[in-house]
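Heads up: the structure comes next, in structure tokens.
The values are calculated or read from the model by the stated rules, or taken from the named source; none is laboratory data. Remember, predicted model here, so these are calculated numbers, not experimental data. Reconstructed Cβ throughout: ideal geometry from the backbone, glycine too, with neighbour counts over all protein chains shown. For the accessible areas, the whole protein counts, side chains as well, though only heavy atoms, and no ligand, DNA or RNA atoms are used. Shrake-Rupley method; radii C 1.70, N 1.55, O 1.52, S 1.80 Å.
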Amino acid sequence: MTLSSLIEQCLKGDRVSQRQLYDNYKDNLYTTAYRLMSDFDQSSDLLQETFIEAFKQLANLRQPEYFHSWIKQILVRKAYRLLKKQKEDISLDSVGELSYQDNSDIGYIEQAIQKLPAKSRTVFVMTEIEGFSHKEIAEVMNISVGTSKSQLNYAKTKLRELLKHHMI
Amino acid sequence: MKNEKKYSYEEIIELLRNSTHSAPPIWSSIEAELELNDRLDELPQYKAPEGLWDSIESELPESTPSRPVVNTKGNNLKLLVIGFLIGALSLVSVQYLIKDNTQKYQYKSEIEMASLVSNKIEMDDKVNEVLNYIEENSFLFDKEQLTEFNTQLEEINRALEQLIEMQEKYGHDASSNKMMAKIERDRATLLKSMIANT
């Protein structure tokens, strides 16, 4: 079934098609959620909220072929809102803690990403890994393109510092 | 990392792009919520009874004229921007009337604008450095202080965004550039005071 037909069926409320759409994108979105939130439980909640909102707003998606980037924008918006709120609640105890220890190379790299401040982490993940443009991410995060670019520069500098013993 | 393998930056990005985490089995929760939403959509809509507003209005206190806005720093900034907008609009219309001096004015304005844009980019970079420092070291700050700081910074950023929008619509001139410089100075003062408190 093409993506257009699948979305058409989802709009009719067909649960099997909705499940199919969810299965097609869940891992990719969950991975993005984890890289933004640095916490598996929060990522799970975020994934759930994202899909529920996506199904509610699906009729507003004008071009089905852009579904992936469209749902990702929903996810980033929600994640960033949560991260901003968490910043206000951050306590001395939680600074520097990591929610997950993984000795694989990718795990190590992800831990380094988790050490970035929320704003630069979001810009880094969405531009460098997910391929969003600075204009797109600036709109989603309600920041200027200039700020997005400078946040990315900061993230790259910080990551090079954190991974200096493992980078060429 | 395993085996002490070294990666280039591009290899790290490639590694991240090609790896995924498996999502936990949450479809049943999503389905339950979709079912609930479907049921909620089917709930009937009822019309409010006629004459209800009259009963509500009779219970309301007598309407009073609106009070003036409370004078806070944020509102001062808003008033400044609004005042400036009115002034700038008048300036734009006057510019069209002054034909002889238009070219010279525009040339001078373009030089000012170019230098302001480049200063602004540098300023934004510096601001982001400081904001990131504050975020990474938030444990050094009092919680109330941090909340107050974030509120003030948001107000300044909003005023800045409104000014930029206005400049994009109507162009740059001496007074909008002055306003921009003032807002940037306010922002810098706020950030300096925050760092000075560590």
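Please list log₁₀ I(q)/I(0) at q = 0.11, 0.17, 0.24 Å⁻¹ for the range A:102-168, using the Debye equation with identical point scatterers on the alpha-carbon positions. Cα-only, vacuum Debye calculation for the range A:102-168: -0.26, -0.58, -0.99.
Using a 10 Å cut-off around each Cβ of peptide B:9-21, what is the average number of partner chain Cβ atoms that fall inside? Intermediate results must be reported in sequence, preceding the final value.
On the way: counts 7, 1, 3, 13, 4, 1, 5, 11, 5, 1, 8, 9, 13.
Neighbouring Cβ atoms belonging to other protein chains average 6 per residue here.
Take A:TYR154: with every protein chain present and a 1.4 Å probe, its accessible area is about 50 Å².
Over both sides of the A-B contact, add up the buried accessible area with a 1.4 Å probe and give it to the nearest 100 Å².
For chain A against chain B, roughly 4500 Å² becomes buried.
Gyration tensor analysis over the Cα atoms of chain A returns equivalent ellipsoid semi-axes of 30, 17, 16 Å (largest first, whole Å). Between the amide H of A:MET167 and those of B:TYR7, distances stay under 5 Å, these residues lying 5 or more places away or on another chain, with hydrogens modeled in the peptide plane. Between A:SER104, A:LEU163, A:SER150, the Cα set farthest toward the positive side of the dipole of the range A:102-168 (charges on each charged residue's Cβ, about the Cα centre) is that of A:SER150.
Can you figure out the FRET efficiency of B:THR151 with A:SER4, using R₀ = 56 Å and their beta-carbon distance, to the nearest 0.05? Can you show the working numbers first?
Working: r = 46 Å, r/R0 = 0.82.
Between B:THR151 and A:SER4 the formula returns 0.75.
In chain A, the longest principal axis of the Cα atoms and the axis of helix A:105-114 are about 80 degrees apart.
Order A:60-70, B:155-165, B:53-63 from most to least packed using the mean count of other Cβ atoms within 10 Å. Intermediate results must be reported in sequence, preceding the final value.
Values: A:60-70: 13.0, B:155-165: 17.5, B:53-63: 7.4.
So the order, starting with the most tightly packed, is B:155-165, A:60-70, B:53-63.
Taking A:ILE113, A:ILE143, A:ILE71 in turn, the Gaussian network model of chain A (Cα-Cα springs below 10 Å) assigns the largest fluctuation to A:ILE143.
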